[in-house]
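Student: One structure follows; several queries about it will come next.
The values are calculated or read from the model by the stated rules, or taken from the named source; none is laboratory data. Quick caveat: nothing in here was measured; it's all calculated off a predicted structure. Cβ atoms come from the backbone with ideal geometry, glycine included; neighbour counts cover every protein chain shown. Please note that ligands, DNA and RNA were not included when accessible areas were found on the heavy atoms of the full protein model with its side chains. Shrake-Rupley method; radii C 1.70, N 1.55, O 1.52, S 1.80 Å.
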Amino acid sequence: MQAKDISISVKKKDHDGKVSGQLAYIADVKLDAMLYGVLYRSPIAFGKVRSIQLPPLPEGYEKIGAEHIPGANFVKLIHKDQPIFANEWVNYIGEPIFMLVGPKLDMLHQLVDETQVDIEEYQAILTLDEAIGQKDQTGVFASHEFGETLEVIQDIEQNAHQIVEEEYETGYQEHVYLEPQGMLGIYKEDEILVEGSMQCLYYVKKSLVSALACEDDEVRVIQSPTGGGFGGKEDFPSMMACHVGLAAKVVKKPVMLLLERAEDFEVTTKRHPAKFKYRTALDENGNILCMNVELFLDGGANAGLTSVVLQRALLNSAGVYQIPHFHAKGYALKTNTVPNGAFRGFGAPQSFAAIESVLGHISKKLQRDPIEYKRNYFVTQGAPTITGGRFKDPVLIEDMIQDLMLTIDYTKKKEEFHSFNQLNKRYKKGIGASFFLHGCGFTGSGERDHIKATVKLAKTENDHVLIKISNSDMGQGALTTMSKIVAQELELPYEDISFPYPDTKEVPDSGPTVASRTTMIVGKLLERAARKLKAGWQSGVSQEVVEHYVHEEMIPWDEETFSGDAYPAYAWGVNMIELEVDTLTGNVQVQKIYGSYDIGKTIDEKIVKGQIDGGLVQGIAYGFMEKMTSKSGKIQQKSISDYGPPTAMDVAHIESKLYDNPFAGGPYGAKGVGELPLTGGAPAVQAAIEDALQIPFYQIPVTPEVIIESLAKKAGGSN
């Protein structure tokens, strides 16, 4: 029977298939008469297509382009600015212009290489700084402003003892999912079926219905086992699905589109690069009087999800702090570079890196310990959010910090590191901390007004229960956690619950697998559905129950004024990192990693610990290892070795602790966990490097090159 404590770990539903290697990913699928697709992509950043000259196509090969689209030539998401095929203007290097399909990949690549496309080139905007300089003329995808009025801010600044101004930058981050993007389109007389690696089935379906100009029941979408997503398979798969769905409809055969790693690196969405400008007014005792933030996001060539990434970045721009008289304004800007999109944390990692850095630097100016200084401003239960909402539930961050400082004996450790650094000329040790939160679910009333999630439970005559939801397992354990919730409520063995990979012909729209919402929002709906099924249980009879989302009463969210409760619940985290810097090479060796987290009730401890370990490593790497650059509009890193994500050798032991703080609106008290662990990694590692070197940094990643350059400046020389 199901364990009484739902936190006790069980064998994952997909364990055997993954460990044995028998689980079939989309690239493993082989069908009779299946064709492959290869895309011709723009070689320039901004221009007008004048002509396309194809080589003679052998029999069985065909060009698929904008002229074949019966519906609208854009990927249906928020805005209508991302073409399925760019048939007139190209806006970034790598934008698809058409696709060749045929039976042999090597021949397709040869034909693409022999194709001549004449494009009249125009002046492109290739950097965020260029976009900021031209934002008043063109290229603003979205902007928001909220908080205290600028007039009040200016009055306070006039009477301040000191104004601290700081600019801070964050770069790209690549998802590096294990399985590159892949999609298969299958033609049937009564429908187009698309299978692939994805997070959001109904995003894909809506895009296909729009592009194919067909009825809802003429498109079917199935999620294949998915080898990682991290947000990279939220919005991008919709375009690939349109490519293969359209091609299958034209050639009336299955069409497979698989990206090799180099192509995936060059053309898929990234984490948005960002620039922050903070102005902080202090009194004579170093107390913060007011803070003004200006934030710029590089959206790339298409709007995509950038407007909502901007919202979350702004909502996190004050971190976990109650800053008096806070004002923020943010812009999402267009550049002629690869479009940026969803990435684990969704704008929050950029903002937390910035605010943690700013307050850390202020504390150093005041000769105060950063932890001691920041603790003066922590939000507490009942305190207002920066948008006039409320932190309704207990906030345990002070307890988490006290516990962690005792665990590592923080004061003694600082003294030991100080002594070590005085005695060692080459190697320097440091310790850094970060404090962070993550709003669980969609911002504001998004769940109520846009998602409107629905779930189903179907019981067979054998009393076996099937979960019918559109949410994807991409390695984070949803197959297991959702099954555990239903089993617990029905008091059935975990083995009696099945969660098939979702198929839009079988499952309702329970919303996308994003925003740390799957366990908290969808899991709660399944808990309620299971309770309903249990109440009407008839053994040996087929039954089905449906449950719809009900919005929690909150302070109403107003997107125009950016006011109200942005989220129903918040998950919280504290990180501390110990490391050593080699001042000769700039190399950083992380030695110990600590994390404390309040995610409500843990549904499965091993799964959560896995999320913590993976998220922490991804966040730490964002802070000092992973560097991706764009030169003349082209991504420079084309392989995993070029990009440099961490290996097992780069990861120190992670000691994590979970705090039990149940949230009434989540199943058994659970909140979101997927995005939270990444958020604190980068600011903690930056703080530790700064502590080791006694040098401030104003960007991430803090690479060896950045370290060596800063050491040279500190020494008064240059390299």
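Student: Do any strands (runs of 3 or more DSSP E) entirely within the range 505-599 hold 3 or more residues that are open to solvent by 40 Å² or more (accessible area, probe 1.4 Å) and touching a strand residue (DSSP E or B) at 6+ places or on another chain (Cβ under 8 Å), and if so, which?
Tutor: Of the strands (runs of 3 or more DSSP E) lying wholly inside the range 505-599, those with at least 3 residues that are open to solvent by 40 Å² or more (accessible area, probe 1.4 Å) and touching a strand residue (DSSP E or B) at 6+ places or on another chain (Cβ under 8 Å) span 543-548, 588-598.
Student: Next question. For the range 33-70, how many residues meet the condition of being without any contact (Cβ under 8 Å) to a residue 12 or more places away in the chain and among the charged types (D, E, K, R)?
Tutor: Total satisfying the criteria: 1.
Student: Name, by its number, the condition in (1) in contact (Cβ under 8 Å) with a residue 12 or more places away in the chain; (2) touching a Ser or Thr at 6+ places or on another chain (Cβ under 8 Å) that does not hold for GLN636.
Tutor: (1)
Student: How many of the residues making up the range 626-646 are under 15 Å from GLN173 (Cα atoms), assigned to a loop (DSSP other than H, G, I, E, B) and touching a Phe, Trp or Tyr at 6+ places or on another chain (Cβ under 9 Å)?
Tutor: So the count comes out to 7.
Student: Oh, and also: Looking at the range 427-474, which of its residues are part of a strand (DSSP E or B), out of contact with any Lys or Arg (no Cβ under 7 Å at 6 or more places or on another chain) and free of Cβ contacts under 8 Å to residues at least 60 places away in the same chain?
Tutor: LEU466, ILE467, ASN471
Student: Separate question: Go through (1) on the phi > 0 side of the Ramachandran plot; (2) open to solvent by less than 30 Å² (accessible area, probe 1.4 Å); (3) among the small types (Gly, Ala, Ser) and name the single condition SER632 misses.
Tutor: So the condition that SER632 fails would be (2).
Student: Can ILE612 be described as farther than 30 Å from GLU709 by Cα, surrounded by 21 or more Cβ atoms within 10 Å (Cβ to Cβ) and at pLDDT 95 or above?
Tutor: Yes.
Student: Can you name the residue in the range 144-169 that is in a helix (DSSP H, G or I) and polar (S, T, N, Q) and is also farthest from the chain's Cα centre (by Cα) among such residues?
Tutor: Once the filter is applied, the top-ranked residue is GLN158.
Student: Identify the residue in the range 247-277 that is touching a helix residue (DSSP H, G or I) at 6+ places or on another chain (Cβ under 6 Å) and aliphatic (A, V, I, L, M) and, among all such residues, is nearest to TYR172 (Cα to Cα).
Tutor: ALA274
Student: Would you pick out the residues in the range 170-202 that are of a type in the set (Asp, Glu), within 29 Å of the chain's Cα centre (by Cα) and farther than 29 Å from ASP129 by Cβ?
Tutor: GLU179, GLU195
Student: Now a separate question. Restricting the search to the range 94-109, which residues are touching a Lys or Arg at 6+ places or on another chain (Cβ under 9 Å) and over 22 Å from LYS233 (Cβ atoms)?
Tutor: Those that are touching a Lys or Arg at 6+ places or on another chain (Cβ under 9 Å) and over 22 Å from LYS233 (Cβ atoms): ILE97, PHE98, LEU100, VAL101.
Student: Continuing with the same structure: For THR480, only one of the following conditions fails: (1) buried (at least 22 other Cβ atoms within 10 Å of the Cβ); (2) assigned to a loop (DSSP other than H, G, I, E, B). What is its number?
Tutor: (2) is the only condition that THR480 fails.
Student: Filter the helices (runs of 4 or more DSSP H) completely within the range 343-426 down to those with at least 2 residues that are open to solvent by 80 Å² or more (accessible area, probe 1.4 Å) and at negative phi.
Tutor: Counting at least 2 such residues, we get 397-408, 410-423.
Student: I need the full set of residues from the range 170-190 which are open to solvent by 40 Å² or more (accessible area, probe 1.4 Å) and in a loop (DSSP other than H, G, I, E, B), in order please.
Tutor: LEU178, GLU189, ASP190, listed by residue number.
Student: For TYR643, which of the numbered conditions (1) without any contact (Cβ under 8 Å) to a residue 60 or more places away in the chain; (2) within 17 Å of GLU705 (Cα to Cα) fails to hold?
Tutor: Failed condition: (1).
Student: Which one is surrounded by the most Cβ atoms within 10 Å (Cβ to Cβ), of the residues in the range 483-504 that are in a loop (DSSP other than H, G, I, E, B) and in contact with a strand residue (DSSP E or B) (Cβ under 8 Å, 6 or more places away or on another chain)?
Tutor: Out of the qualifying residues, it is PRO502.
Student: Look at GLY196 and say whether it is open to solvent by less than 30 Å² (accessible area, probe 1.4 Å), in contact with a helix residue (DSSP H, G or I) (Cβ under 6 Å, 6 or more places away or on another chain) and either under 30 Å from VAL49 (Cβ atoms) or among the aliphatic types (A, V, I, L, M) (or both).
Tutor: So GLY196 fits the description; yes.
Student: In the range 25-116, which strands (runs of 3 or more DSSP E) lie fully inside it and hold 1 or more residues that are among the hydrophobic types (A, V, I, L, M, F, W, C) and open to solvent by less than 10 Å² (accessible area, probe 1.4 Å)?
Tutor: The qualifying strands (runs of 3 or more DSSP E) are 62-64, 96-102.
Student: GLU215 is checked against (1) in contact (Cβ under 8 Å) with a residue 24 or more places away in the chain; (2) open to solvent by 30 Å² or more (accessible area, probe 1.4 Å) and fails just one. What number does that condition carry?
Tutor: (1)
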